[in-house]
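The values are calculated or read from the model by the stated rules, or taken from the named source; none is laboratory data. For clarity, every value in this text was computed on a predicted model and none was experimentally measured. Note that each Cβ is placed from the backbone with ideal geometry, even for glycine, and that neighbours are counted across all protein chains shown. Quick note on the areas: whole protein, heavy atoms, side chains included, nothing else; ligands and nucleic acids left out. Shrake-Rupley method; radii C 1.70, N 1.55, O 1.52, S 1.80 Å.
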Amino acid sequence: MDRQILTLAAELHKRHRPFVMATVVWARAPSSGKPGGTAIIEADGTIHGWIGGACAEPAVLREARRVLNDGVAKLMYLGPAEELDGHQRAGVVTVPIACASEGSMEVFMEPVLPAPHLVIFGKSPAVHTLAGLTTSLGWTVTVVDDEAGHDYPSASTIVTLEQWDDVVVDENTPIVVATQGHYDEPALELALRSPAPYIGLVSSATRAATVLGYLRERGFDEAARDRIEAPAGVDLGTIEHREIAVAVLARLVQLRAAGGFDPDAVVAPEVATAVDPVCNMEVDIATAKFHTEHAGRMIYFCCPACKKTFEDEPAAYAV
C-alpha cells in the first residue's frame with residue numbers, strides 16, 4: 001500500500017474524519033486498476049490515490065457515499081454488462097462498465113468511521129476514572145490539563161490549555177470539565193466557543209452557581225450558559241469522587257443513545273444521477289462530460305463512445 005495513503009488515513013483518523021478505504025483486490029487486463037491499488041474517499045467525494053480510470057472512478061465514488069451512509073463494507077464488481085449476472089452474490093454490488101477495453105475489476109470498499117470522542121478538562125481522580133471507562137467502551141479521549149507533565153494512561157491524547165487549538169471538537173464531541181475548581185472558568189469559556197453537543201461541569205450546585213455567574217459577567221448570554229449541565233452526570237445520590245465518573249459516563253451514554261451525538265451517523269451528500277441508455281451505467285449529472293438533447297430532454301453518457309452510439313441510432317434505445 002502507498003505510504004502516503006497510510007499517512008493520510010492516520011491523519012484523518014486523528015481528526016475524527018470519516019472515509020472509505022477502497023482497494024482493488026482483483027483485476028483483469030486490460031484495466032487501469034491494478035491489484036493492491038488503494039484510494040481514500042472522503043465524505044464530500046474527495047478522492048486520494050488511484051483505483052481506476054474514467055469509467056470506474058465515478059462508480060466507485062458513488063458507491064463510497066452509500067458505504068459511508070450505511071456503515072457496511074461492500075465488494076464492487078465493475079465489468080462488461082454481459083458478465084454481471086455471473087458475479088451476483090450476497091454482499092457484492094455489480095456495476096456495468098462500457099469502456100472500449102474489456103477489462104474488469106473488483107474493489108473492496110471499507111468504511112472507516114470515527115469512534116466517539118470525549119474531551120475532559122482536569123487532572124482529578126474523576127478524570128482518570130472517566131478516561132479509563134470511556135476508553136474501555138472504544139471511545140477516544142482527549143485530556144486537557146493546565147500544565148504539562150501529568151500522565152493519563154487511558155487518554156488517547158493529552159494537551160495543555162495552550163494547545164487547545166489543536167483539539168478537534170465538532171457537533172459529536174461532548175466536553176466534561178472536572179478541574180475541581182482549578183480552572184473551571186477558562187475551560188468552560190473554551191468549551192462554549194466550540195460546537196460541542198454537551199458540556200458538563202463536575203461540581204457542587206453552589207460552585208456551579210458561582211461559575212455560571214462568572215460566565216454571565218464575561219458576556220455569555222443565557223442561551224450559552226444553558227448549554228452547561230451542572231452538576232454533570234446522572235444523579236446517583238451521595239457518592240465518592242471516583243464514582244462521579246460513573247455518573248458522568250452514564251449521562252453520556254444516555255445522551256448518545258437518544259441521538260444527542262453520534263459520530264457513526266455519517267451523511268455523505270447524495271448526487272443526482274442518470275442512466276446511460278447505451279450501457280446502463282449510472283452517471284453523475286453534475287459532473288457528466290458527455291450529454292445530448294433528445295426529444296426535449298437531456299441524455300447523459302459515461303463516455304464519448306456511448307454518446308456517439310446513441311446519436312447514430314437513438315430509436316434503438318428506450319429513453
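Some points to look at:
- Any chance Ile175 is among the aliphatic types (A, V, I, L, M), closer than 18 Å to Glu229 by Cβ and without any contact (Cβ under 8 Å) to a residue 60 or more places away in the chain: yes
- Residues located in segment 134-159, provided they are over 23 Å from the mean Cα position of the chain (by Cα) and at pLDDT 95 or above: Val144
- Residue in segment 168-175 that is touching a strand residue (DSSP E or B) at 6+ places or on another chain (Cβ under 8 Å) and outside any loop (DSSP other than H, G, I, E, B) present: yes
- Qualifying residue in segment 265-284 (condition: at positive phi and out of contact with any strand residue (DSSP E or B) (no Cβ under 7 Å at 6 or more places or on another chain)): no
- Number of residues in segment 51-71 that are acidic (Asp, Glu) and either in contact with a helix residue (DSSP H, G or I) (Cβ under 9 Å, 6 or more places away or on another chain) or within 18 Å of Gly36 (Cα to Cα) (or both): the value is 1.
- Given (1) at pLDDT below 85; (2) in contact with a Ser or Thr (Cβ under 6 Å, 6 or more places away or on another chain), number of the condition Cys99 does not satisfy: (2)
- Checked against (1) open to solvent by 60 Å² or more (accessible area, probe 1.4 Å); (2) within 22 Å of Ser154 (Cβ to Cβ); (3) in a helix (DSSP H, G or I); (4) of a type outside the set (Ser, Thr, Tyr), Arg251 meets all criteria but (1).
- Thr179 satisfies every condition listed in (1) in contact with an Asp or Glu (Cβ under 7 Å, 6 or more places away or on another chain); (2) part of a loop (DSSP other than H, G, I, E, B) except (1).
- Ala131 fulfils the conditions (1) farther than 23 Å from Ala27 by Cβ; (2) open to solvent by less than 30 Å² (accessible area, probe 1.4 Å); (3) not in a helix (DSSP H, G or I) except for a single criterion, (3).
- Matching entry among Ala208, Ala196 (being free of Cβ contacts under 8 Å to residues at least 24 places away in the same chain, open to solvent by less than 70 Å² (accessible area, probe 1.4 Å) and either touching a Gly at 6+ places or on another chain (Cβ under 6 Å) or not polar (S, T, N, Q) (or both)): Ala208
Residue-by-condition table, conditions (1) part of a strand (DSSP E or B); (2) closer than 25 Å to Ala286 by Cβ; (3) in contact (Cβ under 8 Å) with a residue 12 or more places away in the chain; (4) open to solvent by less than 20 Å² (accessible area, probe 1.4 Å):
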position	(1), (2), (3), (4)
Ala59	no, yes, yes, yes
Asn69	no, yes, yes, no
Met76	yes, yes, yes, yes
Glu83	no, no, yes, no
Gly86	no, no, no, no
Glu106	yes, no, yes, no
Pro111	yes, yes, yes, no
Pro114	no, no, yes, yes
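- All positions within segment 305-319 that are open to solvent by 80 Å² or more (accessible area, probe 1.4 Å), in contact (Cβ under 8 Å) with a residue 12 or more places away in the chain and either within 19 Å of Pro96 (Cα to Cα) or assigned to a strand (DSSP E or B) (or both): Ala318
- Restricted to segment 25-44, and to residues there that are touching a residue at least 40 places away in the same chain (Cβ under 8 Å) and under 22 Å from the mean Cα position of the chain (by Cα), the residue that is least open to solvent (accessible area, probe 1.4 Å) is Ala43.
- Verdict on Tyr214 being of a type in the set (Phe, Trp, Tyr) and either at positive phi or open to solvent by less than 20 Å² (accessible area, probe 1.4 Å) (or both): no
- Unmet requirement for Gln180, which otherwise passes all of (1) open to solvent by 70 Å² or more (accessible area, probe 1.4 Å); (2) more than 26 Å from Asp226 (Cα to Cα); (3) not small (Gly, Ala, Ser): (2)
- Residue in segment 206-220 that is outside any helix (DSSP H, G or I) and under 14 Å from Phe121 (Cβ atoms) present: no
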